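Read the figures in this text as sums done on the coordinates, not as results from a lab. Computed from a predicted model, the values in this text were never measured in an experiment. Heads up, the Cβs are rebuilt from the backbone with ideal geometry, glycines too, and the neighbour counts pull from every protein chain shown.
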Amino acid sequence: MDLTEPVLLTPEGLERLKSDLEVTRVRRNEASDRLREAFQPGDIEDNPEYEQAKEEVSLLDARIYELEEMIGRAQILEEHHGGIAEPGSTLEVEDEQGEVETYHLVGAVESDPATGRISVESPVGRALVGKRAGQKVTVNVPSGTLNLKIKAVR
C-alpha cells in the first residue's frame, strides 16, 4: 500500500471502511481481553491460548492501521454525468460477442469485477478512463485480448 497515494472511494465505500474499522476495533478489544485472560505468569512459553490471542491482536492492530490509513487518504468519487469516462463514472460496454455489460469505475479498494465494479488501476479500467461513448478499446488481459465498444458513459 503506497502511503502517499489517495484512496479512491465512493461515499458508500468510505462508509463500509468506517464500519469495518469499528467492527475491527471491537474485535481487537475482545482479543486483548482474551490475551489478558490467557496470560499466566511463568506459563506463557507453552500456552497456545496466549499465543493465539497474541497473534490475533497483532493481526487486528495491522488491519486497524491499514483501515485508518485508507480512511485518512480517502478521495471521494462523485458520480459523473459527463461524457468522458473517469473514476466514479458508469459505462455500458459491448464485447465482441455483442454482450453489453455495465461497469462502474472505482478505486482498487472497492474493485469487484464480478459485480461490475472495475478498478481504474486495472488494465480494463485504465483503458476506459478518458474515453467517450462510441469509442473502442483493446485491452490485454491474462486470458488474451479484450475488445470493447463503449455504448454509454454516465
Would you please classify the overall shape of segment 7-76 from the alpha carbon gyration tensor, given that a ≥ b ≥ c denote the square roots of the eigenvalues, rounded means a/c under 1.5, and beyond that prolate means a/b larger than b/c while oblate covers the rest?
prolate
For the chain, give the magnitude of the charge dipole about the Cα centre (Cβ charges: +1 Lys/Arg, -1 Asp/Glu; no others), in debye to the nearest 20.
980
Over the chain, the sum of -39500 (n - 2.57) across DSSP H runs of at least four, divided by residue number and rounded to 500 deg cm²/dmol, gives at 222 nm -13000 deg cm²/dmol
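Quick one: divide the alpha-carbon radius of gyration of segment 38-154 by 2.2 N^0.38 Å and tell me what you get. Mind showing how you got there, number by number?
Numbers: Rg = 22.0 Å, N = 117, 2.2 N^0.38 = 13.4 Å.
Taking N as the residue count of segment 38-154, the ratio is 1.63.
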On a 0 to 90 degree scale, rounded to 10, what angle separates helix 48-72 from the longest Cα axis of the chain?
40
Taking Cα atoms, the helix 11-38 axis meets the longest principal axis of the chain at an angle in degrees (rounded to 10) of 20
When DSSP assigns beta bridges and you keep just the ones with both residues in the chain, what percent turn out antiparallel, to the nearest 5?
75
